[in-house]
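Heads up, the thing below is written out as C-alpha cells.
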Amino acid sequence: MKILIKNIKQLVQVEENPSLKVIGSNMNKLPVINDAWLAIENDKIVGFGKMEDWEGIYDWTDLTILDATDKLVMPCWCDSHTHIVYAGSREGEFVDRINGLTYDEIFLKGGGILNSAKKLKDTSEETLINSALLRLNEIMLQGTGAVEIKSGYGLSFDSELKMLRVIKKLKTLSPITIKATFLGAHAVPIEYKGRKKDYIKLLIDEIMPVIVEEQLADFCDVFCEQNYFTKEETIEILSAGKKYGMTPKVHAEQLSNTGGTLAGIEVGAISVDHIEFIGDKEIELLHNSITMPTILPGAAFFLGLPFPPARKIIDAGLPIAVASDFNPGSCPSGNINLMISLCCIQYKMTPEEAINAATINSAYAMGLSKTHGSIAIGKQANVFITKEIPNYSFIPYSFGSNLIESVIINGQIISRD
Ligand code: NIG
Ligand code: FE
C-alpha cells in the first residue's frame, strides 16, 4: 500500500538525522516543514519534503492520496507506561476518595491493585483480550501508535502469566506496536501477607523462567513504594529480571521518596516513572545514566498528587518522557492529548517540550526510538492528521477537544467503525 499525504500545512517533528532522545534545552525545539508532503510505502515512511519540491519525485500507481490542506501531520504519540489489560473498573474507589479516603487507605483495606487482582483472577483470557482491544482502539483514534502494557493485576503464577499471554496475543491482533512488561512486583498479594520474601521468590524462581521460555516480556517493572516494595527488593527483582533478558523499569517516587529512582539508576533502568517525590540528589545522578525520567500527569491529576519537578529536570539538562499510565485505579484515561495539556498547563512545559516528551522520548522509554517517535525516512509509518488547526500549540491549548481527524498506524489507515 502506498499513501501520499499532500498539502500538509505543517509536518511536525521531522528528523533528517534521527536521534534516540531529545534532552535539556533541545526539548524546546520541534522541527517542522511548512506546506509539506509525506510518502508512505507499506509500513514505512519513505519520503517527505516541501510541496514546491514534490513534482515528479514519485510516479506511483495505486497511490492513495490524502489532502491535508490546513491540517497538520504529526508522528503518533508513544505511550511508554500503561496497564491497559484489566478486568472490571474501580469507580467505587473513585467515589470513596471523593468522600475522603486516600489511595493508600483504600489499598490497606484490600482495595486498589488488590481489588483489580481479585477481579482479574476470574476473568477469561478472551474477555481480557476483548476489553483491551476496545481500549487500544480508543487510544489509537486519539493518536497513539505505540504502547507499553504491563502485567501486575495477576499477582499469582497463573494470573500473571495469563496477563502476559493476553498482551502477547494483543501484539498479533492489533496494528499498534506493543511492548510487554512483567510487573509481578506491583503489590504483595493477600495470600502472601507477611511472607513477602516468598512472593519475591515466586516471581524470580518460578514465573520469570516461564516468561523467558514463552518470550512474554520485554521489560520488568517494580512498584517501589512504602507498603509495596523497598529499594533493596526493587534492585533484587530487577537484577533477576535482567538476567532473564528483561530491561528494568521502575514505578518510582509516586507517593513518597522511597529510593526507586536510585534503584533504577543502579540497575540501568530504561525509565523511572511517576517521580512526583524525586529529589535533587536523584536528579543529579540521572545525568550519568541511560534512564529516562517519565512523568504520568494523568495519574497525578486523578489522585491529586503534587506535581513532579518537570521544569527543574529539563532545566538541569535532562530529558523527560510523558506517558498516560492508563489503568483502572489511578488514571482511567489513555488520552495523550490530555496528558500533554497537563504538561503545559500544570507543569509549565512548552508545547515543544511536551510533544517531544510524548513522541521521541516516550519511544526511547520503551526501546522504540530507532523506529518510532518522529517523522524520518525508514521509520514506521505511524502518523496522524489533525483537523484544520492553526499550529501544534493548539493541541495542548484545546484541552479536552478531539483534534485528530485520521490515524495511520504501521501504514494502515485506522477506521473509526
Ligand atoms: O502506576 N502506582 C502503581 N500502579 C499504578 C496504579 C495501579 C492501580 O491503582 O491499579 C500506577 O499508578
Ligand atoms: Fe503504573
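The values are calculated or read from the model by the stated rules, or taken from the named source; none is laboratory data. These numbers were taken from a predicted model, which means no experiment stands behind them. Counting neighbours? That spans all protein chains shown, and the Cβs are built from the backbone with ideal geometry, glycine included. For accessibility, only protein heavy atoms count, side chains too; no ligands or nucleic acids. Shrake-Rupley method; radii C 1.70, N 1.55, O 1.52, S 1.80 Å.
Assuming His83 fulfils every condition listed in (1) open to solvent by less than 20 Å² (accessible area, probe 1.4 Å); (2) closer than 30 Å to Leu164 by Cβ; (3) of a type outside the set (Gly, Ala, Ser); (4) not assigned by TED's automatic domain parsing to the domain that holds Val166 apart from one, which condition is it?
With respect to (1) open to solvent by less than 20 Å² (accessible area, probe 1.4 Å); (2) closer than 30 Å to Leu164 by Cβ; (3) of a type outside the set (Gly, Ala, Ser); (4) not assigned by TED's automatic domain parsing to the domain that holds Val166, His83 is out only on (4).
Only one of Ser393, Ser401, Ser406 is within 27 Å of Ser19 (Cβ to Cβ) and not assigned by TED's automatic domain parsing to the domain that holds Glu138. Can you tell me which?
Working: Ser401 fails: within 27 Å of Ser19 (Cβ to Cβ); Ser406 fails: within 27 Å of Ser19 (Cβ to Cβ).
Result of the check over Ser393, Ser401, Ser406: Ser393.
Any residue at all in region 374-395 that is touching a Pro at 6+ places or on another chain (Cβ under 8 Å), farther than 21 Å from Ile314 by Cα, open to solvent by 50 Å² or more (accessible area, probe 1.4 Å) and of a type in the set (Lys, Arg)?
So far as region 374-395 goes, no, none of its residues is touching a Pro at 6+ places or on another chain (Cβ under 8 Å), farther than 21 Å from Ile314 by Cα, open to solvent by 50 Å² or more (accessible area, probe 1.4 Å) and of a type in the set (Lys, Arg).
Considering Ser415, Ser330, which residue is touching a residue at least 60 places away in the same chain (Cβ under 8 Å) and either under 16 Å from the mean Cα position of the chain (by Cα) or open to solvent by 10 Å² or more (accessible area, probe 1.4 Å) (or both)?
Ser330
On the basis of being touching a Lys or Arg at 6+ places or on another chain (Cβ under 8 Å), within 16 Å of ligand 2 (Cβ to nearest atom) and among the hydrophobic types (A, V, I, L, M, F, W, C), does Met292 make the cut?
Judged against the criteria, Met292 is a match.
Which residue pairs have Cβ atoms under 8 Å apart, sit 6 or more places apart or on different chains, and have a first residue in region 188-208 that is over 16 Å from Leu164 (Cβ atoms) and a second that is part of a helix (DSSP H, G or I) and open to solvent by 80 Å² or more (accessible area, probe 1.4 Å)?
Ile200/Glu236
Among the residues of region 70-86, count how many are in a strand (DSSP E or B) and in contact with a Phe, Trp or Tyr (Cβ under 9 Å, 6 or more places away or on another chain).
Of the residues in that region, 7 qualify.
Condition (residue is within 11 Å of ligand 1 (Cβ to nearest atom), over 23 Å from the mean Cα position of the chain (by Cα) and not in a helix (DSSP H, G or I)) applied to region 90-112: is it met by at least one residue?
Yes, that holds for at least one residue.
Open to solvent by 50 Å² or more (accessible area, probe 1.4 Å) and assigned to a helix (DSSP H, G or I) - does that describe any residue in region 247-258?
Checked against the condition, which is being open to solvent by 50 Å² or more (accessible area, probe 1.4 Å) and assigned to a helix (DSSP H, G or I), region 247-258 yields no hits at all.
Just give me the residues in region 24-34 being assigned to a loop (DSSP other than H, G, I, E, B) and open to solvent by less than 80 Å² (accessible area, probe 1.4 Å), in sequence order. I'd like the intermediate steps shown before the answer.
Of region 24-34, the ones assigned to a loop (DSSP other than H, G, I, E, B) are 29-31.
Once the filter is applied, which keeps residues that are assigned to a loop (DSSP other than H, G, I, E, B) and open to solvent by less than 80 Å² (accessible area, probe 1.4 Å), region 24-34 yields Leu30, Pro31.
So if I check each of Lys162, Lys169, Lys197, which one is in contact with a helix residue (DSSP H, G or I) (Cβ under 7 Å, 6 or more places away or on another chain), open to solvent by 60 Å² or more (accessible area, probe 1.4 Å) and not in a strand (DSSP E or B)?
Details: Lys162 fails: open to solvent by 60 Å² or more (accessible area, probe 1.4 Å); Lys197 fails: in contact with a helix residue (DSSP H, G or I) (Cβ under 7 Å, 6 or more places away or on another chain).
The match here is Lys169.
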